[in-house]
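Only one structure is covered here, and it is reproduced in the block below.
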Amino acid sequence: QLPKQWSVLSHLQELSVCNCYVCGQLPVGWSALANLRILEVAGEFQLSGQLPVQWSALAKLQDLPLPGHELSGPLPEQWSALTHLSKLDLSWNRLSGQLPEQWSALSQLHELHLGGNELSGALPEQWSALSSLQTLEVRQNSLQGHLPYQWSVLVQLQLLDLSWNSNLLGQLPE
């Protein structure tokens, strides 16, 4: 398991736990890692449970790759406080619920990978405020509704993958 006792490592800036066999849940207490910029947990693991709402306190967090686990539950609205976040990869988990409108506050976000989950609901019009966004990958979910014409202001966008969301409707915006 990821040790909850590591929450006392107040000067820790980067933590990479890759290609190790780790299981269990993401420690809520790690929200005390105030200087953490990069947290990478990838490889031979099976992390489970929900994304800790309390991690919204990780104000310096820039890079959070957590792909291919068994993480479940909703995307925390409170993570909109992670205003230094540049890359977030939560693809290939079991996350559900809607895409939080509040994440439109993530003004430094360049890459967002949410494919292969169980997300539903509409594409938030408010995400048109994500002016730094270059990659948005939400394929293979259950998203529905219309393609937001407001997203036409996302001029930095280089990759937009909406494939395999069979309930997305409408015309491509001009």
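The values are calculated or read from the model by the stated rules, or taken from the named source; none is laboratory data. Since the model is a prediction, treat every value here as computed from it, not as a measurement. Glycine also receives a Cβ, built like all others from the backbone with ideal geometry; neighbour counts cover every protein chain displayed. Note: accessible area is taken over every heavy atom of the protein model, side chains too, but ligands, DNA and RNA are not part of it. Shrake-Rupley method; radii C 1.70, N 1.55, O 1.52, S 1.80 Å.
Per-structure values
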quantity	calculated
Carbon/sulfur fraction of accessible area - segment 16-92, other protein chains in place, 1.4 Å, %	51 percent
Packing rank of 3-16, 106-119, 69-82, where each peptide gets the mean count of other beta carbons within 10 Å, highest leading	106-119, 69-82, 3-16
Reciprocal of mean inverse Cα separation for segment 1-127 (Kirkwood radius, Å)	14.7 Å
Whole-Hz ³J(HN,Hα) from phi, Karplus 6.51 cos²θ - 1.76 cosθ + 1.60, for segment 99-108, glycine and proline x	6, x, 4, 4, 5, 4, 7, 7, 5, 9
Solvent-accessible area per residue, Å², over segment 102-174 with all protein chains present [probe radius 1.4 Å]	54 Å²
